[in-house]
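The values are calculated or read from the model by the stated rules, or taken from the named source; none is laboratory data. None of the values given here were measured: they were computed from a predicted structure. Note: ideal-geometry Cβ built from the backbone for every residue, glycine included; neighbour counts use all protein chains shown.
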Amino acid sequence: MKQPRHQSTTYGFSQTSRLLQVRIRTASEARGFAVTRLLTHWDEIVGQATAQIARPVNVSYGREGMGATLTILTTGSQAPMLEMQKEQIREKVNACYGYRAISRVRITQTAPTGFAEGQAVFGNAPPKMELRPDPKIADAAAAATCNVKNADLRLALEALANNVLRKQSS
């Protein structure tokens, strides 16, 4: 009895991840990233707060073979904060590799290959939530400032009263 022929449901299309996997691996290995998980899951490895201010740039291996150096790109104002976290970052990255692959973490404010790559945006600030004023608070703020004659001053004081009353109620 003849086996029925298997028909593909993809009609010749492949997943994007399969198509790009070789190119991503080649590009990341050129930068020293043998494990691409460090690049693709950076925020999970080091934490969201660190990922918003820094990105891994390069992993370089010394001549002695005694561990690698991870180069992290950050902005000038965030460099001192990362300097204090170097040991924790190294431990988290080594946990990703599964062994003590990284022996040193280096913080840079420009990319080692050129200034154009150093112009990176790390993370987006969380969107600000528009708070609708509570009608009771808005009425209380308006009542507190109703005797002020100057319209600009009254609006500024009303906004201040709204903020103060909202914080007191929460």
So, LYS167, is that one at pLDDT 80 or above and assigned to a helix (DSSP H, G or I) or not? yes
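Each row is one residue, and each column tells you yes or no for (1) at pLDDT below 90; (2) assigned by TED's automatic domain parsing to the domain that holds GLN85; (3) surrounded by 12 or more Cβ atoms within 10 Å (Cβ to Cβ); (4) charged (D, E, K, R).
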{"residue": "ARG100", "(1), (2), (3), (4)": "yes, yes, yes, yes"}
{"residue": "ARG104", "(1), (2), (3), (4)": "yes, yes, yes, yes"}
{"residue": "THR108", "(1), (2), (3), (4)": "yes, yes, yes, no"}
{"residue": "GLY114", "(1), (2), (3), (4)": "yes, yes, no, no"}
{"residue": "PRO126", "(1), (2), (3), (4)": "yes, no, no, no"}
{"residue": "ALA143", "(1), (2), (3), (4)": "no, no, no, no"}
{"residue": "ASN150", "(1), (2), (3), (4)": "no, no, no, no"}
Going through (1) assigned by TED's automatic domain parsing to the domain that holds THR50; (2) modelled with pLDDT of 90 or more; (3) exposed (fewer than 15 other Cβ atoms within 10 Å of the Cβ); (4) not acidic (Asp, Glu) one by one, ILE89 fails only at (3)
Residues located in segment 44-60, provided they are farther than 13 Å from ARG106 by Cα and surrounded by 14 or more Cβ atoms within 10 Å (Cβ to Cβ): ILE45, VAL46, GLY47, THR50, ALA51, GLN52, ILE53
